[in-house]
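Input: a single structure, listed below in structure tokens.
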Amino acid sequence: MSNHSRDPSGVSFIIPVYNKAEHLPSVIQQIKLQKGDFQKQYVFLDDGSTDNSLDIVRSKTADWENVIINTQPNSGSAAATNAAIRSANQPYLKFVDADDLLTEHATIVLLNALRASDACLIFGGARQFVSTCQLNLQGPSKNASIDRIDAPLMMALKNSLFNPSQFLVRTNAVRAVGGCDERVIHSQEYGLTLRLARRWPFLRLNDVVTWLPTHSEGRLSTNEGRQLQRVTKAVAHFLQDNPNLPFSIKSFACKRLAGRSLKYVRRRGAGTGVSRWYLRCLAAQLNLVKDHAGFAAECVSAFEDAEKSQVGEQAPNY
């Protein structure tokens, strides 16, 4: 692309922030280093941080153009993300978790691929890091292979496909589906993923676009119970909002939720033998569920102890 003209397909970087002072300097540096001669807008939304995150954002972006820094009382990541989206003025959104490091070509490679398609969203790979000393932050390759996923909903119901820093999406698509589901307070991307997957194809870039720290204070994905709880809530709301989904999809969703619930309680020494969770899993497997949304909502109770548990090891990929 010529350096003498700007690509009209600009990107709004959406960065919700809550108590990430330790990570923000390097996160912001990687956002600043994003390659590509396209319009860039930066929207930071501080969700009531109690450390000096807001001061860091202001100082590190003081000389940037097209920056919006807003604050709100702590309302959760979904509400913070939606508030930031409302300020976006570019046709594409690049979400960034405030403790993840984007590779330098992440946005431009994702953008070029998505612009050339009719998909609503593209996501790339992620890896974890302990130290930033030896990270390769140059990629991804412009020659990385891309897979088209024409019907991504079943894949999304099976497993979470990506975290916020891994994907880029069309702004009008996000607004068309109502943004993130704020009923799932401490989650932004999964409910949004389901809403988008019901309507449009996705693309998958087979290369790394972001690095995730193995330890980040308060990160939900490091707590098995909380992670599974929020996924279950998101699916329950999605089924409630879309009662006319094909029976096969609703049945598949309930089988996945029941299976996760049973595995979770058994890992904690409960649910052995003929338990309520075993019977629920059996009912789902035999397609005996009639009220799929209600069944999914009841599965949330399997993780009722999750809010009391401390942040722990990475959740297994059930």
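The values are calculated or read from the model by the stated rules, or taken from the named source; none is laboratory data. Remember, it's a predicted structure, so these values are computed and weren't measured experimentally. Positions of Cβ are generated from backbone atoms using ideal geometry, with glycine treated the same way; all protein chains shown enter the neighbour counts.
May I ask you to say which residue of Pro164, Pro152 is crowded, with 22+ Cβ neighbours inside 10 Å, over 19 Å from Val11 (Cβ atoms) and not hydrophobic (A, V, I, L, M, F, W, C)?
Criteria check complete, one pass: Pro152.
Of the residues Lys263, Lys250, only one is touching a residue at least 12 places away in the same chain (Cβ under 8 Å), at negative phi and surrounded by fewer than 19 Cβ atoms within 10 Å (Cβ to Cβ); which?
Lys263
Against the conditions (1) surrounded by fewer than 20 Cβ atoms within 10 Å (Cβ to Cβ); (2) assigned to a strand (DSSP E or B), where does Ile15 fall short? Just the number, please.
Going through (1) surrounded by fewer than 20 Cβ atoms within 10 Å (Cβ to Cβ); (2) assigned to a strand (DSSP E or B) one by one, Ile15 breaks only (1).
Filter region 135-177 down to residues that are in contact with an Asp or Glu (Cβ under 9 Å, 6 or more places away or on another chain), over 21 Å from Lys35 (Cβ atoms) and small (Gly, Ala, Ser), then give me how many there are.
Total meeting the criteria: 1.
How many of the residues making up region 100-131 are touching a Lys or Arg at 6+ places or on another chain (Cβ under 6 Å) and of a type in the set (Val, Ile, Thr)?
3
It is to be established whether one or more residues within region 52-68 are touching a residue at least 24 places away in the same chain (Cβ under 8 Å), of a type in the set (Ser, Thr, Tyr), assigned by TED's automatic domain parsing to the domain that holds Thr210 and touching a Cys at 6+ places or on another chain (Cβ under 9 Å).
no
Name the single residue that is modelled with the lowest pLDDT among those in region 183-230 being hydroxyl-bearing (Ser, Thr, Tyr) and over 24 Å from Gly139 (Cα atoms).
Out of the qualifying residues, it is Ser221.
Being of a type outside the set (Ser, Thr, Tyr) and either assigned to a loop (DSSP other than H, G, I, E, B) or in contact with a Leu (Cβ under 8 Å, 6 or more places away or on another chain) (or both) is the filter here, so list the residues in region 59-71 that pass it.
The answer is Lys60, Ala62, Asp63, Trp64, Glu65, Asn66, Ile69, Asn70.
Among the residues in region 27-36, are any touching a Gly at 6+ places or on another chain (Cβ under 9 Å), touching a residue at least 24 places away in the same chain (Cβ under 8 Å) and part of a helix (DSSP H, G or I)?
Checking region 27-36: not a single residue is touching a Gly at 6+ places or on another chain (Cβ under 9 Å), touching a residue at least 24 places away in the same chain (Cβ under 8 Å) and part of a helix (DSSP H, G or I).
When you go through Asn74, Asn82 one by one, which is the residue that is in the same structural domain as Ala151 (by TED's automatic domain parsing), outside any helix (DSSP H, G or I) and under 21 Å from the mean Cα position of the chain (by Cα)?
Within the list Asn74, Asn82, the selection yields Asn74.
Does at least one position in region 146-166 carry a residue that is free of Cβ contacts under 8 Å to residues at least 40 places away in the same chain and of a type outside the set (S, T, N, Q)?
For region 146-166, residues free of Cβ contacts under 8 Å to residues at least 40 places away in the same chain and of a type outside the set (S, T, N, Q): present.
Could you check how many residues of region 102-140 are over 30 Å from Arg175 (Cα atoms) and either among the charged types (D, E, K, R) or more than 19 Å from the chain's Cα centre (by Cα) (or both)?
9
Run Ala79 past the list (1) in contact (Cβ under 8 Å) with a residue 60 or more places away in the chain; (2) in contact with a strand residue (DSSP E or B) (Cβ under 8 Å, 6 or more places away or on another chain); (3) hydrophobic (A, V, I, L, M, F, W, C); (4) surrounded by fewer than 23 Cβ atoms within 10 Å (Cβ to Cβ) and report the number of the one that doesn't hold.
(2)
I'd like to verify a number: residues in region 83-92 that are in contact (Cβ under 8 Å) with a residue 12 or more places away in the chain and over 22 Å from Ile56 (Cα atoms), how many?
4
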